[in-house]
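The structure appears below as structure tokens.
Every read-out reported here was derived from the displayed coordinates using simple, explicitly stated rules and does not represent laboratory data. In this text, all values refer to a predicted model and were calculated from it rather than measured experimentally. Please note: Cβ atoms are built from the backbone with ideal geometry, for glycine as well, and neighbour counts cover all protein chains shown.
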Amino acid sequence: MERVLSALVIHDIKNALALLEIDLEQLNHHADIPPEGRHAYHRCIELKNRLVSFLTLYKHEQSGLQPVAVEVSLAEFVEDLVGNSSSAMMSESHHGHPITVRAATERMSPEGGFAQFDENLLELALESAINNAVRYAHHTVEVWFEQSGDKVVFRVADDGVGVGLVDERMQRKTADTSASTGLGLALCKAVADAHGSGAVSLENVQGGGTLFSMTLCNAS
């Protein structure tokens, strides 16, 4: 009974956040909205996405995710992912200037192939990865894919300071992000596992920045 009640409460909170997001979105269209209003809108989206991620992980732990795999154009998927990303639309660095989130088409496999996976689950996982990258980027976040045989690797790279190297001046502003980052990685791992075989990694990039990788095997 407690588990059912908890699930009902969480879903109720998610629905309430969705309604609040609609109200704040309407206010966000006004040209004279104060900065605090825009930040409230962005924080609402962030909280809603975090709750959806938690619910997805909860479902994975209780009964396992059941992906509905369809054949997807990888290039179109990445471009649509970036184009529709709420993290990209509200992106602003901790230094106060906008972050550019782009589909790095020049890094994508030239054949621009297809793969079979659950678009909704992959979009949820990679949106979480983009959100985490935006938190630590200085100027740019890039998203692309690489395909080789039956393996597809989705990449999200930022130009921040790298894993475990957060500047002391940013620590107060990012103090609440460690739990979110852990949640995002756990979600990505769950989605990769749900597709049968895969892996998730986070590593520093030479010259600065962080590279997130999500690998799906037998995805073609």
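Within the shell defined by Cβ-Cβ distances under 14 Å, the residues around LEU65 carry a net charge of -3, with Lys and Arg each +1 and Asp and Glu each -1. Proximity of backbone amide H atoms, modeled 1.01 Å from N, is registered between GLY209 and GLY160, VAL161, GLY162 at under 5 Å, excluding neighbours fewer than 5 places apart on the same chain.
Note on LYS151 and HIS11: the extension gain reaches 46.9 nm, defined as 0.36 nm multiplied by sequence separation minus the Cα-Cα distance. For the range 33-42, backbone phi angles converted through the Karplus equation (6.51, -1.76, 1.60; θ = phi - 60°) give residue-by-residue couplings of 5, x, x, 4, x, 5, 5, 5, 5, 5 Hz, Gly and Pro being listed as x.
Within the range 103-138, name every residue whose backbone N is under 19 Å away from a label modeled 7 Å from Cα of ILE22 along the Cβ vector. The answer is none. Label-to-label distance, GLN62 versus ARG38, with points set 7 angstrom from Cα along the beta-carbon direction: 3.9 nm. A cut-off under 10 angstrom between Cβ atoms defines the neighbours of LEU211, and their net charge, with Lys, Arg +1 and Asp, Glu -1, is -2.
Per-residue 3J(HN,Hα) values for the range 186-201, derived from phi via the Karplus relation 6.51 cos²θ - 1.76 cosθ + 1.60 with θ = phi - 60°, read 5, 5, 4, 5, 5, 5, 4, 4, 5, 8, x, 7, x, 7, 10, 9 Hz in sequence order (x marks Gly and Pro).
Taking K and R as +1 and D and E as -1, what net charge do the other residues with C-beta under 11 Å from the C-beta of GLY83 add up to? Spelling it out: positives minus negatives among the neighbours equals -2.
Remark: C-alpha extents of the range 1-64 on the principal axes read 47, 18, 14 Å, sorted largest to smallest.
Ranked by the mean number of other Cβ atoms within 10 Å per residue, highest first, peptides 47-53, 156-162 order as 156-162, 47-53. Ordering SER63, SER85 by the number of other Cβ atoms within 10 Å of each residue's own Cβ, fewest first, gives SER63, SER85.
Legend: ranking of residues CYS44, CYS188 from fewest to most surrounding C-beta atoms inside 10 Å; resulting order CYS44, CYS188. Amide hydrogen proximity for THR140: with H placed 1.01 Å from N in the peptide plane, the residues at 5 or more positions away or on another chain lying under 5 Å are THR100, ASP159.
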